[in-house]
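All remarks here apply to the structure that follows.
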Amino acid sequence: MHKLGVIDASFLYAETRSTPMNIASLQLLELPPGASTSFYDRLRWYLARRVSRVPFMTRRLKRTPFALDQPIWVDDQRFDIDEHVHVVTLPAPGTQRQLEALVAKLHETPLDRSRPLWSFTLIEGLGPQFSPSPQGRRVVALYCKYHHACIDGMAGQAIIDVLFSDDPTASPPAAPPSAPEPEPGVLELLLDAARASMVQSLSTGERLGERMRAMWSLGRRALDGEQGLGAFAERAPRTPFNVAVGPYRAFAFATLPLPLVRKLAKSIDASVNDVVLAVSSAGLRRYLSRLGALPEASLLAGVPVSLRESGDKSMRNQVTMLIASLATHLADPIERLRAIKRSTRIGKAVLIESKALQIDDFHLPGLSLLVAGAARAAEELRVANYVATAFNVVISNVFGPTRTKYLLGARMLTHYPVSIPAHSAACNITVQSYVDRIDLGVTACLDAVPDASVLCRDVVAGWDELCSALGFVEPAEMAAG
């Protein structure tokens, strides 16, 4: 029986009409020489023979009776690849702004829970400015959307390894045919829910001492006047991002040069993630200053942190949240980066000391009804407009492929992330590395950030500002215009 963990299931329970829990990536693909116009047909045929190598892509959700436990995955007896793979064509001239607007519209559409929770859309009609080769080979875009209940960012990279190839002339093997597993019956699900509750009761007692020690350690740290709990103990100021979100999305993308980001980080003894936070901070400063909405206190970022062990490629969510200061109250970009570095170091130490308190699994009858009901009520009342928030924006950094990838001989050019704005955090900045690039995506609520490309340009300007301050000169790439 393939049951969702509580973190996976929480993305289902908290989903509302205004907060679809979709995560996605946008790949630009350069088609091989002589490629016909039937790439969509070939892609559909190819995926139909390989998606079962990624278990959730041919499974749908089944609820536990009376909401006694988390849902389970069952084989979709009526799986149809045509329900999941689509094609659209941009109207001429096929610009970046048109592509971003289309991705935003695709991203705001919830996935159908009666089917496997994913969807691929091939986007044609891109203008010639997207082609990087002198030969002007045709470039298409592939928007790959998944429900967050299925995967986290690192699991998304594992899917790339399964469906894409390192060799332009080879493809990953097709999945061997297999008969769908029979669905468990009501009695089996009820017995499993009872067993899970019993095991949980036993394991809770076993880990009690470990959790008490973690709480004691955090208590001592909270009284430490020098480091304390860092940004975990700070209060996020109100900004235009900290509101109840609507159902519509805005999206924009850009690219930073990964080798130079690493070189810059090394020059100041910082991490690549520290530089990403500093560049994002500079962009947010510019954007909010232009609106006259930059608070005196520093903005705080929620930074997803992977809990995966090395080599773990399972598809379930294994993340927690670090809270870091963005030092937006500091005008000097170098001092800002140093302050961010100090904050993330403290934040990582807090997460290490509180590891025993992280939720690994949790079984509570009626949990789905409680969380879903609370989420709907909070949305209807627009509670996020009035209550304090733990952080202002989410900024995520996902490690991606280090080698060039191919799909049906088409070279993967980009790996732009598309993420989740949520109530109280209407703006999400996510980056994914790919070979020598850091591809950046700004995903936001359209009401809170009417033009995400403006904020995206501000982030790129923040990169240029940091490079100049540290004596590095290499402009970022805003991708195709």
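Of the strands (runs of 3 or more DSSP E) lying entirely inside region 1-77, not one contains at least 3 residues that are free of Cβ contacts under 8 Å to residues at least 12 places away in the same chain, within 26 Å of the chain's Cα centre (by Cα) and over 23 Å from Ser419 (Cα atoms). What is the residue count in region 168-198 for residues that are within 32 Å of the chain's Cα centre (by Cα) and surrounded by fewer than 12 Cβ atoms within 10 Å (Cβ to Cβ)? Here the count works out to 6. The condition of being under 27 Å from Thr19 (Cα atoms), modelled with pLDDT of 95 or more, among the small types (Gly, Ala, Ser) and exposed (fewer than 15 other Cβ atoms within 10 Å of the Cβ) holds for Ala377.
A search for C-beta distances below 6 Å between a residue of region 136-165 that is surrounded by fewer than 20 Cβ atoms within 10 Å (Cβ to Cβ) and any residue that is at pLDDT below 90 and of a type in the set (Lys, Arg), counting only pairs 6+ apart in sequence or on different chains, returns Ala158/Lys313.
Within region 55-75, the presence of at least one residue that is assigned by TED's automatic domain parsing to the domain that holds Thr16, of a type in the set (Ser, Thr, Tyr), over 25 Å from Met412 (Cβ atoms) and surrounded by 15 or more Cβ atoms within 10 Å (Cβ to Cβ) is confirmed. Flag not set for Ser119, criterion: of a type in the set (Gly, Ala, Ser), closer than 28 Å to Asn397 by Cα and assigned to a helix (DSSP H, G or I). Quick one: is Val459 surrounded by 20 or more Cβ atoms within 10 Å (Cβ to Cβ) and either closer than 15 Å to Phe251 by Cβ or modelled with pLDDT under 95 (or both)? So Val459 passes the test.
For Ser171, are the conditions met, namely being in the same structural domain as Tyr46 (by TED's automatic domain parsing), over 30 Å from Thr16 (Cβ atoms) and touching an Asp or Glu at 6+ places or on another chain (Cβ under 8 Å)? No; evaluated as a whole, the condition is false for this residue. Picking from residues in region 358-377 that are among the small types (Gly, Ala, Ser) and touching a residue at least 60 places away in the same chain (Cβ under 8 Å), the one that is farthest from Met198 (Cα to Cα) is Ala375. Per the listing Ala158, Ala141, the residue uniquely over 18 Å from Phe56 (Cβ atoms), out of contact with any Pro (no Cβ under 7 Å at 6 or more places or on another chain) and not in a loop (DSSP other than H, G, I, E, B) is Ala141. Residues that are of a type in the set (Ser, Thr, Tyr) and in a loop (DSSP other than H, G, I, E, B) were ranked within region 409-456; the one that is surrounded by the most Cβ atoms within 10 Å (Cβ to Cβ) is Ser419.
Could you please let me know if Ala236 is in the same structural domain as Ala324 (by TED's automatic domain parsing), buried (at least 16 other Cβ atoms within 10 Å of the Cβ) and more than 21 Å from the chain's Cα centre (by Cα)? Considered against the rule, which asks whether it is in the same structural domain as Ala324 (by TED's automatic domain parsing), buried (at least 16 other Cβ atoms within 10 Å of the Cβ) and more than 21 Å from the chain's Cα centre (by Cα), Ala236 comes out as yes. Of the residues in region 385-408, at least one is part of a helix (DSSP H, G or I), out of contact with any helix residue (DSSP H, G or I) (no Cβ under 6 Å at 6 or more places or on another chain) and not aromatic (Phe, Trp, Tyr).
The values are calculated or read from the model by the stated rules, or taken from the named source; none is laboratory data. From a predicted model like this one, the values you see are computed outputs, not experimental measurements. When we count neighbours, we look across all protein chains shown, and the Cβ atoms used for this are built from the backbone with ideal geometry, even at glycine.
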